[in-house]
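Visitor: Below: one structure in structure tokens.
We did not get these values from a lab; they are worked out from the coordinates using the rules stated. Values in this document were obtained by computation on a predicted structure and should not be read as measured data. Cβ sites come from the backbone with ideal geometry, for glycine too, and all protein chains shown count toward neighbours.
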Amino acid sequence: MLCKRYVGDDDEAKDLMLETLIQALDRIGTFQYRGKGSLSAWISRIAVNKAIKRIKRQRWRMVPLDVWVQDNIPEPSGEEVEAIPKEKLLEWISGLPDLRRAVFNLYCIDGYSHKDIGKMLGISETGSSSMLAKARKQLKEKIRRYLEEQNK
């Protein structure tokens, strides 16, 4: 699921997962046990680093010009978001353009700062913040449409 969150495409996610596992096995000697969950965190970090490298290599296809987002979409309530199936939310996150998806995952899910995200992705702190705002607008638009369809 972690790989799918970053690359969006099922086949790419499988490739990334395989590359991650191969690298983890190659470097298992460098792993240091630090308590429960440390192996999972170590492997997740490898996967995130591989995903970021892939995104940097594919920078030319990161934000398609045909993605237009409304600026004045109201923020959905917590209850509204909870009513949406998790699979649907993951589908929408996976559908974000590469850079927006990466920034959204790193900031909202993994808890990195815009400064750290900028360093990882080779963009400015402001650029990271801007990409997050665009990703959130895109997701809010999808949530609003979904909720309107459900209320019909």
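Visitor: Name the chymotrypsin sites (Phe, Trp or Tyr not before Pro) in the range 95-152 that are in a loop by DSSP and that have at most 14 other C-beta atoms within 10 Å, would you?
Guide: none
Visitor: Report, in listed order, any pair from 14/53; 4/119; 14/140; 4/53; 50/86 with a Cα-Cα distance greater than 20 Å.
Guide: Values: 14/53 16 Å; 4/119 22 Å; 14/140 28 Å; 4/53 15 Å; 50/86 25 Å.
Among 14/53; 4/119; 14/140; 4/53; 50/86, the Cα-Cα distance tops 20 Å for 4/119; 14/140; 50/86.
Visitor: Order 17-24, 86-93 from most to least packed using the mean count of other Cβ atoms within 10 Å.
Guide: Details: 17-24: 15.4, 86-93: 13.5.
Taking the mean over residues of other Cβ atoms within 10 Å, the ranking is 17-24, 86-93.
Visitor: Starting with the fewest neighbours, write out 108, 3 ranked by other beta-carbon atoms found within 10 Å of each beta-carbon.
Guide: Values: 108 14, 3 24.
Fewest-to-most ranking of 108, 3: 108, 3.
Visitor: Over the chain, what is the mean sequence separation of C-alpha contacts under 8 Å (at least six apart), divided by residue count, expressed as relative contact order in percent?
Guide: Working: 139 pairs, mean separation 41.8, N = 152.
27 percent.
Visitor: Say R0 is 25 Å: what FRET efficiency, to the nearest 0.05, do residue 49 and residue 141 get from their beta-carbon distance?
Guide: Working: r = 31 Å, r/R0 = 1.23.
Efficiency, from the Cβ-Cβ distance: 0.20.
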